Amino acid sequence: NVNRKFHPEDTVVEIAGGIKIGGGNFQVIAGPCSVESEDQICLVAREVKTAGARLLRGGAFKPRTSPYAFQGMRAEGIDLLMEAKEKTGLPIVTEVMDISQLPLFENVDVIQVGARNMQNFELLKEVGHLNKPILLKRGLANTLQELLMSAEYIMAGGNEKVILCERGIRTFETATRNTLDLAAIPLLKTMTHLPIVVDPSHATGIASLVKPMAMAATAAGADGLMIEVHNNPSAALCDGAQSLTPEAFADVMEAVNLIRPLAYKG
Ligand code: PEP
Ligand code: MN
């Protein structure tokens, strides 16, 4: 059950390599929006590891608004993530878009269910039968209660390794890609024992806003961050405008580490 009432202790989700998230364990997930090539993913993996990220993200199956936009490298992208993991030791976080793709995710460390699939209930049931951490992103227009009910779908199948992710929601404001719901962090902490990660990249859509929102999310008590990093953002095949260079990411890590001891704990 997701409810804090029946489970007062924070859940600590154990990921591969002894990496834990939740219950005071703070982790940063970083990497490109999409895997684009062997050189790109391996280079970014090394850079984010040096800066202090403990998990590597990279999309292989991409939920793009336009069918003519880059759809991801698919199975080949998963293979390249495995190669980057072998080279750096960083566990992998990558998105599944459909149940039929799950056999390819056997060696993926954390399976991401994206915002657009937050209420794909059949997919939630299926990943609920796995013994693997699931990063569940809040839907574009979903309430916290709906997010928690989606987490409940996964847990009801026996998989209690659920990490929630606030990634911004749709509002009337169009100056930013989404509106980051910072209050969701301390509020979710009262409702549930599950760890909460914040994605300031998709929440803002603007690279210069990633640092202040990463700092704010850390101060508000997030258990981790997910940040998009690209070796050459202006040439990225997806989400370049919100992607940080490795240098900018290292600067964000420094600021976040200064704030961590001061973070709100409830
Ligand atoms: C992503 O993390 O690459 C992604 C597509 O995010 P979201 O589902 O939050 O839009
Ligand atoms: Mn993206």
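No lab work stands behind these numbers, since they all come straight from the coordinates. Fair warning: this is a prediction, and the values are worked out from it, not measured in the lab. No Cβ is skipped: glycine too gets one built from the backbone with ideal geometry, and neighbour counts run over all protein chains shown.
Spelling out what I want: for every residue of segment 182-189, take phi, set θ = phi - 60°, compute 6.51 cos²θ - 1.76 cosθ + 1.60 (Karplus), and round to whole Hz; glycine and proline get x.
Residue by residue, segment 182-189 yields 5, 5, 4, 5, x, 6, 4, 4 Hz.
For the chain, what D do you get in µm² per second when you plug the Kirkwood radius from alpha-carbon pairs into Stokes-Einstein at 20 °C and 1.002 mPa s?
Once the numbers are plugged in, D ends up at 119 µm²/s.
When the Karplus curve 6.51 cos²θ - 1.76 cosθ + 1.60 is applied with θ = phi - 60°, which whole-Hz ³J(HN,Hα) does each residue of segment 114-119 get, with x for Gly and Pro?
Per residue, the Karplus-derived 3J(HN,Hα) values read x, 3, 6, 10, 4, 10 Hz.
In deg cm²/dmol and to the nearest 500, what is the mean residue ellipticity at 222 nm of the chain if only DSSP H runs of at least 4 residues count, each as -39500 (n - 2.57), divided by the residue total?
About -10000 deg cm²/dmol.
Hey, can you grab everything whose amide H is under 5 Å from the amide H of K20? Only 5+ residues off in sequence or another chain; H modelled, so Pro and N-termini drop out.
I15
Identify the GluC sites (Glu not before Pro) of segment 72-166 meeting these criteria: DSSP loop state and at most 10 other C-beta atoms within 10 Å of the C-beta.
Answer in residue order: E106.
Arranged by the count of other C-beta atoms within 10 angstrom, fewest first, what order do Y153, Y264 take?
With the sparsest Cβ surroundings first, the list reads Y264, Y153.
Hey, what do the phi angles of segment 237-245 turn into as Karplus ³J(HN,Hα) couplings, whole Hz, using 6.51/-1.76/1.60 and θ = phi - 60°, x for Gly and Pro?
7, 7, 6, x, 4, 9, 8, 8, 6
Search the structure for amide H atoms under 5 Å from the amide H of I227, placed 1.01 Å from N in the peptide plane, and list their residues when 5 or more places away or on another chain.
When sequence neighbours closer than 5 places are left aside, the close amide H contacts are I29, A30, G31.
Which residues' amide hydrogens lie under 5 Å from the amide hydrogen of D181, considering only partners 5 or more residues apart or on another chain, with H built in the peptide plane?
G168, I169
Please report, in cubic angstrom per residue, the volume enclosed by the convex hull of the alpha-carbon atoms of segment 38-101.
Considering the Cα atoms of segment 38-101, their hull volume per residue is 93 Å³.
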